[in-house]
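The values are calculated or read from the model by the stated rules, or taken from the named source; none is laboratory data. Just so it is clear, the structure is predicted and the values come from calculations on it, not from any experiment. All Cβ positions, glycine included, derive from the backbone under ideal geometry; neighbour counts span all protein chains shown. Surface areas here come from the heavy atoms of the whole protein model, side chains and all, with no ligands, DNA or RNA. Shrake-Rupley method; radii C 1.70, N 1.55, O 1.52, S 1.80 Å.
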Amino acid sequence: MAGPGEGRPATVFAWSSGGFLALNSAQAGIPIARLALFEPPAVADDARPPLPDDYVRRLEAAIAAGRPGDAAELFLTAAVLMPPEFVSGMRASEMWPGLEAVAPTISYDGRQVGDAMAGKPLSADRWNRISIPVLVMYGESTWPFLAAGAKAVADLLPTATLRPVPGENHSATADVLAPALRAFIGEA
């Protein structure tokens, strides 16, 4: 016997590159009723360096060679654009073992991102089967490339609404985003 809500399409909220996973899921036909995204990091212009073409291959090679720290460093320098000298300091920090523990999953993230961070316009057919309402949010105080990426994603989706979040950046808190998410869900 199905419980309340079982078998019904979900409303999904995704942050950063998780937005690509959610969009790819909707494109693949996963039952999603509404989709809300916060700062999907599309790199659809020259606002920041694109991911290297061999990014996923290099991540996987580092993991296969038993070097999860190198995979974490590649993610931090190539995807997050952290200066290498900062990463060197992080390797000695208490948080580094946690980064190494999740490093084997970073290539999965890279595969979901695909060429959405290649520095070129997003393909018109990338998410062409998405017909559900999509809310794309970005912080008004975020890095310019994240705002541009959110706009590029919203422009690609005919059912998308673009909403800036005043005073926020990529580290916005749940309590700040909750009112916009409640309003979006309430529109159903």
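Directionally averaged projected area (the chain, Cα convex hull): 12.6 nm². In degrees, nearest 10, range 0 to 90: what is the angle between the Cα axis of helix 18-27 and the longest Cα principal axis of the chain? Helix 18-27 sits at roughly 50 degrees to that axis. Considering helices alone, the calculated mean residue ellipticity of the chain at 222 nm is -11500 deg cm²/dmol, with DSSP H runs of length four and up weighted by -39500 (n - 2.57) and normalised per residue.
Only protein heavy atoms count here; under a 1.4 Å probe, Tyr138 has an accessible surface of about 30 Å². Roughly how tilted is helix 144-156, in degrees to the nearest 10 and between 0 and 90, from the longest Cα axis of the chain? Its long axis makes an angle of about 40 degrees. Of the peptides 118-125, 157-164, 92-99, the order by per-residue mean of other Cβ atoms within 10 Å, starting with the highest, comes out as 157-164, 118-125, 92-99. Classify region 132-188 as rounded, prolate or oblate from the Cα gyration tensor: take a ≥ b ≥ c as the square roots of its eigenvalues, call it rounded if a/c is under 1.5, otherwise prolate when a/b beats b/c and oblate if not. Taking the square roots of the gyration eigenvalues as a ≥ b ≥ c, region 132-188 is oblate. Along region 74-86 the Karplus relation, 6.51 cos²θ - 1.76 cosθ + 1.60 evaluated at θ = phi - 60°, assigns HN-Hα couplings of 4, 4, 5, 8, 8, 8, 8, 6, 6, x, x, 5, 5 Hz to successive residues, with x for each Gly and Pro. Contact order, relative form, for region 1-115: 26 percent (alpha carbon pairs under 8 Å, 6 or more residues apart, mean separation divided by residue count). Distance from the C-alpha centroid of region 111-188 to that of region 75-103: 26 Å, rounded to the whole angstrom. The listed residues Phe13, Phe86, once ranked by accessible area (1.4 Å probe) with the largest placed first, stand as Phe86, Phe13. Among residues other than Val43 with Cβ under 14 Å from its Cβ, the summed charge is -1 (Lys and Arg +1, Asp and Glu -1).
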